[in-house]
1. Condition first: free of Cβ contacts under 8 Å to residues at least 12 places away in the same chain and outside any helix (DSSP H, G or I). Can you find one or more residues in region 153-168 that meet it?
2. So, in region 214-233, how many residues would count as being under 14 Å from residue 180 (Cβ atoms) and buried (at least 21 other Cβ atoms within 10 Å of the Cβ)?
3. Among residues belonging to region 205-250 that are more than 12 Å from the ligand (Cβ to nearest atom) and assigned to a strand (DSSP E or B), point out the one that is farthest from residue 277 (Cα to Cα).
4. Out of the residues in region 179-204 that are away from the ligand (no atom under 16 Å from the Cβ) and outside any helix (DSSP H, G or I), state the one that is surrounded by the fewest Cβ atoms within 10 Å (Cβ to Cβ).
5. For residue 271, only one of the following conditions fails: (1) within 15 Å of the ligand (Cβ to nearest atom); (2) in contact with a helix residue (DSSP H, G or I) (Cβ under 6 Å, 6 or more places away or on another chain). What is its number?
6. Given 61, 49, 83, which one is surrounded by 19 or more Cβ atoms within 10 Å (Cβ to Cβ) and part of a helix (DSSP H, G or I)?
7. Of all residues in region 458-501, which are in contact (Cβ under 8 Å) with a residue 60 or more places away in the chain, in contact with a helix residue (DSSP H, G or I) (Cβ under 6 Å, 6 or more places away or on another chain) and surrounded by fewer than 21 Cβ atoms within 10 Å (Cβ to Cβ)?
8. Would you mind telling me which numbered condition in (1) within 15 Å of the ligand (Cβ to nearest atom); (2) part of a loop (DSSP other than H, G, I, E, B); (3) under 27 Å from residue 254 (Cα atoms) residue 176 fails?
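The values are calculated or read from the model by the stated rules, or taken from the named source; none is laboratory data. Fair warning: this is a prediction, and the values are worked out from it, not measured in the lab. Cβ sites come from the backbone with ideal geometry, for glycine too, and all protein chains shown count toward neighbours.
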Ligand code: MN
């Protein structure tokens with residue numbers, strides 16, 4: 001497959017760094033490790049695990065990932081200063097293969113207003129930072145922030161200095177999602193022609209989707225000679241997000257006739273990665289999202305269905321199987337047993353231990369009692385709802401809500417806290433407000449809810465409710481979710497899931513149920 005090493009495109013995943021930087025996408029250390037392990041299994045070449053000097057939590061995450069990833073290069077981000085660079089090297093110590101990515105802005109706007117540095121000082125910082133990183137790590141990537149709005153001559157001078165100082169990869173960032181494909185191709189081509197040493201250096205691109213051109217820009221850059229692309233799962237990232245890894249990979253695979261590059265990514269794991277990231281962050285993938293949206297392979301119209309039945313390629317340029325979007329043949333219902341559930345979970349890409357299987361099976365049974373068929377979406381929903389509730393200090397026992405067309409709503413909730421029953425009633429202007437107040441009163445702790453999203457899984461009146469919410473307590477933020485036939489109960493589950501996380505963090509987990 002890799003006839004020529006020069007035609008291999010390296011995939012650099014930054015879901016855990018740039019992706020996590022977007023508001024509300026905070027992930028815990030174990031969640032980040034879970035994502036990193038799947039990216040590694042998927043054949044991602046480089047995993048940017050975080051920004052170690054940003055916070056102690058980031059440092060811990062990068063270190064934990066460095067200790068777990070087996071094949072991929074683990075990378076950490078650093079600004080152009082000694083403290084950042086040294087901290088990355090420290091966090092990456094357990095890694096089998098490691099890379100330091102150090103960056104600085106090179107555009108006049110950023111140098112003047114953000115860095116408040118003269119170009120000469122920026123140039124010197126490039127030399128010093130790459131030299132420092134190179135002393136600590138063989139594999140160094142130098143990144144030019146806001147490269148697409150810089151003076152090309154200055155960008156090229158800095159790139160040349162970085163290469164001389166030992167950078168093996170030079171990354172040009174379209175930080176604000178401004179450039180258009182032809183222009184980007186020209187920049188990449190000129191850079192390869194004009195920068196001494198570029199021929200033996202990997203040229204990387206990092207793009208954003210502010211104008212909806214992230215994938216197109218990656219493809220244009222690859223055609224012009226870029227050999228590394230920085231992407232995220234589901235395209236999450238700051239503002240409109242980064243380039244979607246799944247889109248760039250499948251564009252190269254599907255149009256190999258025009259884009260003859262070797263790609264090491266196992267595409268059958270793309271859907272699983274998409275679900276995992278969406279489940280952890282609570283960032284729901286739109287149904288019409290390319291490659292991983294729930295409608296990406298659905299043919300609804302009669303004409304299209306007829307065509308596909310006659311010959312799949314009439315309306316299909318790639319198959320659902322190729323991206324792992326087909327769950328399998330097993331139909332689940334109320335007569336399905338534990339074994340069938342385990343097989344189904346494996347089909348959907350989940351590995352669970354016996355204790356966890358028992359809990360999931362209980363949730364599955366209570367669901368199957370109310371529904372004839374339990375769809376793959378329902379099971380994915382259960383798994384997303386289970387996420388983050390591995391250790392429960394606090395548990396929902398029962399919930400009653402009283403709704404009337406006029407006036408306040410009442411909620412009565414019973415929870416079990418450290419094994420003791422607590423009952424409370426509260427009123428609210430909405431059902432969610434009443435439930436939240438009742439839970440807070442019963443649990444004796446309060447949080448602030450930033451947003452609540454209510455979604456349905458599946459079609460018709462049989463659809464389950466999935467509630468995704470973002471809560472804050474002090475400086476900490478959590479995204480949590482709950483699934484149930486009733487939206488109020490789903491809301492209560494999501495709320496309690498977040499409370500559990502805080503209680504676990506505060507050291508009260510040991511008293512709760514362990515569910516490895
Ligand atoms: Mn970025």
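1. Taking region 153-168 first, the residues free of Cβ contacts under 8 Å to residues at least 12 places away in the same chain are 153.
Next cut, outside any helix (DSSP H, G or I) only: none.
The answer is no, given that none of the residues of region 153-168 is free of Cβ contacts under 8 Å to residues at least 12 places away in the same chain and outside any helix (DSSP H, G or I).
2. The qualifying residues number 7.
3. If we take residues in region 205-250 being more than 12 Å from the ligand (Cβ to nearest atom) and assigned to a strand (DSSP E or B), then 228 is farthest from residue 277 (Cα to Cα).
4. Residues of region 179-204 that are away from the ligand (no atom under 16 Å from the Cβ), as a first pass: 180-183, 185-203.
Pick out the ones that are also outside any helix (DSSP H, G or I) and you get 180, 195-197, 201-203.
Details: 180: 14, 195: 21, 196: 11, 197: 14, 201: 21, 202: 16, 203: 22.
My answer is 196.
5. The one condition residue 271 does not meet is (1).
6. Details: 49 fails: part of a helix (DSSP H, G or I); 83 fails: surrounded by 19 or more Cβ atoms within 10 Å (Cβ to Cβ).
The match here is 61.
7. 458
8. Every listed condition holds for residue 176 apart from (3).
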